[in-house]
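Every number in this text was worked out from the coordinates using simple rules, so none of it is lab data. Remember, it's a predicted structure, so these values are computed and weren't measured experimentally. Because the Cβ atoms are built from the backbone with ideal geometry, glycine has one as well, and the counts that use them run over all protein chains shown.
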Amino acid sequence: MTNLLLHICCGVCAVGLINKFKKDNVKVTGYFYNPNIHPFMEFRKRLRAVEVLAEQEKMPVHYETAYGLDEFLAGVAPYGKIYAKERCLKCYEMRLLKTAQKAQEMGFDSFTSTMIVSPQQDQAAIRNIGENIAKAAGIGFKYEAVTDLYHECKELAKKRQLYRQQYCGCVFSEYERYNKEIKDES
């Protein structure tokens, strides 16, 4: 049985992935580390959704509860709003690196992230970054093409009354999502 540390950004993507891993006989422990999430109240809502999901699933989760906006902004500042792709890649790297370090520190066989569920994330980049970090750290990175779970995850989250966010998480994605909405209304 694989002993996996699952980086969780949100309850929505986690709920279906946890079910899949259980069916695959993977022992899952969650890890909430998301310095990118903005604003603070959004961070708190997503944290609470993961806490509720952990209770529902009777799943252990390790939480990084400090609001890490300073850390995130310092990490992505060189990429700014103009270079969105590079900014997102740096964000993936920050979270996957910290997850790999935590997995190694706690004796897990491998790690992965709920980011592998979202069709809105750059899956090739997540896989590449995760595999490179895993190789350097000497730990496994579990990547599967599971974006087909995305709609199921949304439905499961709705049924379980988990908080369902409206954007990726960072201040830049919040701006892009709502600025597009305002432009679409004009």
Region 2-185, relative contact order [Cα under 8 Å, separation at least 6], %: 31 percent
If the chain between Ala84 and Ala145 were fully extended at 0.36 nm per residue, the gain over the current Cα-Cα distance would be 19.6 nm
How far apart, in nm, are two points set 7 Å out from the Cα along the Cα-to-Cβ line at Arg44 and at Ala77? 2.7 nm
If amide H atoms are modeled at 1.01 Å from N in the peptide plane, then the residues at a separation of 5 or more from Phe111, or on another chain, having amide H under 5 Å from its own are Leu5, Gly140, Phe141, Lys142
Residues with beta-carbon under 13 Å from that of Lys102, excluding Lys102: net charge, scoring Lys, Arg +1 and Asp, Glu -1? 0
Phi to ³J(HN,Hα) by Karplus 6.51 cos²θ - 1.76 cosθ + 1.60 over region 61-76, Hz, x for Gly, Pro: 9, 9, 10, 9, 8, 5, 6, x, 4, 4, 4, 4, 4, 4, x, 9
Lysines near Lys142 by alpha-carbon distance under 24 Å, same-chain residues fewer than 8 away left out - which ones? Lys20, Lys22, Lys23, Lys27, Lys58, Lys85, Lys90, Lys98, Lys102, Lys154
Between Arg127 and Lys27, what is 0.36 nm times their sequence separation minus the Cα-Cα distance? Round to one decimal in nm. 33.9 nm
How much length is gained if the chain between Gln104 and Lys158 is pulled fully straight, taking 0.36 nm per residue apart and subtracting their Cα-Cα distance, in nm to one decimal? 16.1 nm
